[in-house]
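Structure record follows, encoded as structure tokens.
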Amino acid sequence: MEIFERMSRREHEQLVFWNEPRIGYKGIIAIHDTTLGPGLGGTRFWNYSTDAEAMEDALRLARGMTYKAALAGLNLGGGKSVIIGDPNTRNREMIFRAHGRAVESLAGRYITAEDVGTSPADMEFVRMETSHVVGLMGKSGDPSPVTAYGTYQGMKAAAFYKYGDDSLADKHVAVQGVGHVGYYLCQDLAEEGTRLTVTDLDQEKVDAVVNEFGATAVAPDEIYGVKADIFAPCALGSVINDDTLKVLNVDIIVGAANNQLAESRHAKELEAKGILYGPDYLVNAGGVINVNAEIEGWPPEKSLRKAGEIYNTFLKILELAEAEGISTAEASDKAAERRIEEVRFLHRTELGCLSYGM
Ligand code: NAD
């Protein structure tokens, strides 16, 4: 498909290619939609097998950021960048400074942060060339506790809708992946008295939540069949697929992992099985809320409060899904698009003209 055709299909605004062969920098910045504010999204450093694959990833991820920020009620648009190369290279300064110059060339239309293959230390190099970067050392810090808290609030909203009571005290939650987010999610749930079954590929992480929060451990491939009230995917994408749908034995799925549905049709299939699904980009928005705090200068408690709003947003999504007979995933997309359209309409009013009676 031609590049402009590809951009038009999902209404991307801008695609930037930046090349510094002597430094070994090949970067792509995709901006999806800046109606709500500058496009925010991390920089992914990855050994893509083709330039087309890298471009496709940047476009797809940028669009995802538009929807995530819109639904989280932030004044941010969607953007993302990718650097093509070996993410383990030791020669990082010039690559990330070159990337910083590419970001700077957009004059604030795009704000970057860390992502897969990049670290806060890399962002310090980006910062040498541009101020349009967040997630710096000593600033907003690890987003995982805020992400976990938003996911926990999403879980409570789902429980309220499903059971008429948002208490998770007598509920059983199966958590897949107890890394950064999964650990803090277990902590939030344990404080409420929830029964936990967990798994992870890393035995040390499993031991920590077993010892600290009294969780029961199962093998990684057993987690899907655990009979529980709620399943919380906090590891990988595509875990809701044709195979796992056959064995999932829960009422609700709410977790932090990105892109949980292997295919969009799986949202409908969950519904047919009577499983309530919390769309991933709705419930895991705590991460973007946390970096937004760095832009806005919010104190940590304001980020937590904002992540707590995921509870009400999810209830509104559930009402919309019910009213229109659509899946929660479709309702989330619709609510995000509606907010962008409304702000676009709002911006038609030129306030300066009004004050002069024009
Ligand atoms: P992490 O790498 O710290 O934790 C992921 C854990 O999953 C690891 O401990 C890993 O061993 C485990 N894991 C991987 N494959 C597994 C498998 N097959 N079975 C069981 N465990 C497995 O990552 P994280 O920061 O906690 O993020 C978790 C998920 O949430 C990711 O999908 C991430 O994209 C998403 N997310 C994270 C944030 C954030 O603030 N960190 C924000 C939004 C979304």
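Any chance you could count how many residues in segment 191-207 are open to solvent by less than 30 Å² (accessible area, probe 1.4 Å) and either of a type in the set (A, V, I, L, M) or closer than 19 Å to Gly308 by Cβ (or both)?
The number of residues fulfilling the criteria is 4.
Are there any pairs with C-beta distances below 9 angstrom linking a residue in segment 133-147 that is farther than 14 Å from Met123 by Cα to a residue that is near the ligand (Cβ under 10 Å from one of its atoms) and in a loop (DSSP other than H, G, I, E, B), with the two at least 6 apart or on different chains, and if so which?
Cβ pairs passing all conditions: Ser144/Gly179; Ser144/Ala256; Thr147/Ala256; Thr147/Asn284; Thr147/Ala285.
Results for (1) among the basic types (Lys, Arg); (2) within 13 Å of the chain's Cα centre (by Cα), shown as yes or no for each residue.
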{"site": "Gly24", "(1), (2)": "no, no"}
{"site": "Ile31", "(1), (2)": "no, no"}
{"site": "Pro38", "(1), (2)": "no, no"}
{"site": "Arg44", "(1), (2)": "yes, no"}
{"site": "Leu59", "(1), (2)": "no, no"}
{"site": "Gly64", "(1), (2)": "no, yes"}
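Name the residues in segment 286-314 that are open to solvent by 50 Å² or more (accessible area, probe 1.4 Å), closer than 17 Å to Asn75 by Cβ and part of a helix (DSSP H, G or I), would you?
Ile295, Glu296, Lys302, Arg305
To keep it simple, each residue is scored yes or no on (1) out of contact with any Leu (no Cβ under 7 Å at 6 or more places or on another chain); (2) assigned by TED's automatic domain parsing to the domain that holds Leu315; (3) assigned to a loop (DSSP other than H, G, I, E, B).
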site: Ile111; (1), (2), (3): no, no, no
site: Gly135; (1), (2), (3): yes, no, yes
site: Ala148; (1), (2), (3): no, yes, no
site: Lys156; (1), (2), (3): no, yes, no
site: Lys162; (1), (2), (3): no, yes, no
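Can you confirm whether Ala323 is closer than 19 Å to Asn258 by Cβ, at pLDDT 95 or above, more than 14 Å from the ligand (Cβ to nearest atom) and open to solvent by 10 Å² or more (accessible area, probe 1.4 Å)?
no
Any chance you could count how many residues in segment 116-128 are charged (D, E, K, R) and open to solvent by 40 Å² or more (accessible area, probe 1.4 Å)?
We begin by selecting, within segment 116-128, every residue charged (D, E, K, R); these are 122, 124, 127.
Still in the running and open to solvent by 40 Å² or more (accessible area, probe 1.4 Å): 124, 127.
Looking only at that region, the number is 2.
When residues of segment 149-190 are filtered for being within 11 Å of the ligand (Cβ to nearest atom), over 19 Å from Tyr277 (Cβ atoms) and hydroxyl-bearing (Ser, Thr, Tyr), how many remain?
3
Can you spot a residue in segment 298-313 that is in contact with a Leu (Cβ under 7 Å, 6 or more places away or on another chain), in contact (Cβ under 8 Å) with a residue 24 or more places away in the chain and among the small types (Gly, Ala, Ser)?
The answer is no, given that none of the residues of segment 298-313 is in contact with a Leu (Cβ under 7 Å, 6 or more places away or on another chain), in contact (Cβ under 8 Å) with a residue 24 or more places away in the chain and among the small types (Gly, Ala, Ser).
Hand me the list of strands (runs of 3 or more DSSP E) wholly inside segment 11-106 holding 2 or more residues that are modelled with pLDDT of 95 or more and surrounded by fewer than 20 Cβ atoms within 10 Å (Cβ to Cβ).
Counting at least 2 such residues, we get 14-20.
When segment 1-10 is examined, which residues are found to be closer than 24 Å to Phe345 by Cα and surrounded by 15 or more Cβ atoms within 10 Å (Cβ to Cβ)?
Going residue by residue through segment 1-10, those that are closer than 24 Å to Phe345 by Cα are 7-10.
The one that is closer than 24 Å to Phe345 by Cα and surrounded by 15 or more Cβ atoms within 10 Å (Cβ to Cβ): Met7.
Considering only segment 215-243, state which residues are closer than 21 Å to Tyr281 by Cβ and either open to solvent by less than 10 Å² (accessible area, probe 1.4 Å) or under 18 Å from the mean Cα position of the chain (by Cα) (or both).
Taking segment 215-243 and keeping what is closer than 21 Å to Tyr281 by Cβ, we get 230-241.
If the condition is that a residue be closer than 21 Å to Tyr281 by Cβ and either open to solvent by less than 10 Å² (accessible area, probe 1.4 Å) or under 18 Å from the mean Cα position of the chain (by Cα) (or both), then Ile230, Phe231, Ala232, Pro233, Cys234, Ala235, Leu236, Gly237, Ser238, Val239, Ile240 are the ones that fit.
The values are calculated or read from the model by the stated rules, or taken from the named source; none is laboratory data. The model shown is predicted, which means the values in this text are computed figures rather than measured ones. For neighbour counting, all protein chains shown are included, and Cβ atoms are generated from backbone atoms with ideal geometry for every residue, glycine included. To get the accessible areas, we keep the full protein, side chains included, count just its heavy atoms, and leave off ligands, DNA and RNA. Shrake-Rupley method; radii C 1.70, N 1.55, O 1.52, S 1.80 Å.
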